[in-house]
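Report on one structure; see the data block that follows.
The values are calculated or read from the model by the stated rules, or taken from the named source; none is laboratory data. It should be emphasised that the depicted structure is a prediction, and the values quoted were computed from it without experimental measurement. Quick reminder, even Gly has a Cβ in these numbers, built from the backbone with ideal geometry, and neighbours come from all protein chains shown. Heads up: the accessible areas ignore ligands, DNA and RNA and are worked out on the full protein's heavy atoms, side chains in. Shrake-Rupley method; radii C 1.70, N 1.55, O 1.52, S 1.80 Å.
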Amino acid sequence: MGVAVVRMLRRERGWTLEALAEQAGMTKSYLSKVERGHSTPSIAVAMQLAAALDVDVAALFGSPDDQAVLEISRAEARGGAARHTPPDSSPYAGLATRMAGKQMMPFVLHPTTTSAQCTFREHDGDEFVLVLRGRVELRFPDRTEVLGTGDSAYFRGGQPHYFRAVDDEPAELLAVIAGGPG
């Protein structure tokens, strides 16, 4: 864990060691040891710190120099525009993952074509989606909309929903959820 990163993020927020320790559910003494590099936290503790600091847990690893002010995500680097099949590992590709203290969570989504794999999900924070390629079904429990390339949708947080590619061809969405990762 980039120990200086925790200190930098805490100071950016104007928090004392005591304030962050309380938010993260740990002692001030232990947090001080983490910040000074005298103790290596478990992944569970790292996740508590990330939640308290309202950042992706990945932001805690590395150095303060890794904390971007600007982050560019190239389509070819994530296999986006050039890809003709959805990724094997996950239908989601995070964007701006090194940005500390994000107020939005942007990602690229490659929805499945199989209804059986679709599960209604909900989250806090409004969501905006823009179809980059293909046709996508946006389904809510009481409503279904089909969006084509260039179409967008904005909806309030707390709404159960899912996305499904309508055609056999892969679809790609840009999705942005308002509110930080906490």
Quiz item: Of everything in the stretch 114-133 that's more than 17 Å from L174 (Cα to Cα) and β-branched (V, I, T), which residue is surrounded by the fewest Cβ atoms within 10 Å (Cβ to Cβ)?
Solution: T119
Exercise. Could you please tell me which pairs satisfy a Cβ distance under 6 Å, a separation of 6+ or placement on different chains, a first residue in the stretch 1-30 that is within 15 Å of A44 (Cβ to Cβ), and a second residue that is at pLDDT below 85 and open to solvent by less than 40 Å² (accessible area, probe 1.4 Å)?
Key: M1/L60
Quiz prompt | Residues that are farther than 18 Å from D56 by Cβ and assigned to a helix (DSSP H, G or I), drawn from the stretch 1-30 | solution = R11, L17, E18, A19, A21, E22, K28, S29, Y30
Quiz prompt | All positions within the stretch 1-60 that are among the hydrophobic types (A, V, I, L, M, F, W, C), farther than 24 Å from A178 by Cα and touching a Lys or Arg at 6+ places or on another chain (Cβ under 7 Å) | solution = V3, L17, A21
Practice problem: Check P111, P181, P170 and return the single one that is at pLDDT below 90, crowded, with 19+ Cβ neighbours inside 10 Å and either under 28 Å from Q23 (Cβ atoms) or not hydroxyl-bearing (S, T, Y) (or both). | Solution: P181
Quiz prompt | Extreme residue, surrounded by the fewest Cβ atoms within 10 Å (Cβ to Cβ), among residues of the stretch 31-51 that are part of a helix (DSSP H, G or I) and touching a residue at least 40 places away in the same chain (Cβ under 8 Å) | solution = A51
Quiz item: Quick check: is even one residue across the stretch 134-148 closer than 30 Å to L60 by Cβ and open to solvent by 20 Å² or more (accessible area, probe 1.4 Å)?
Solution: no
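Yes/no per residue for (1) part of a strand (DSSP E or B); (2) aliphatic (A, V, I, L, M):
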| position | (1), (2) |
| --- | --- |
| V108 | yes, yes |
| P111 | no, no |
| A116 | no, yes |
| T119 | no, no |
| H123 | no, no |
| F128 | yes, no |
| V131 | yes, yes |
| R139 | yes, no |
| T144 | yes, no |
Quiz item: Cβ-Cβ below 8 Å, separation at least six or inter-chain, first residue in the stretch 120-147 and within 19 Å of G179 (Cβ to Cβ), second in a loop (DSSP other than H, G, I, E, B) and of a type in the set (K, R): which pairs?
Solution: D126/R156
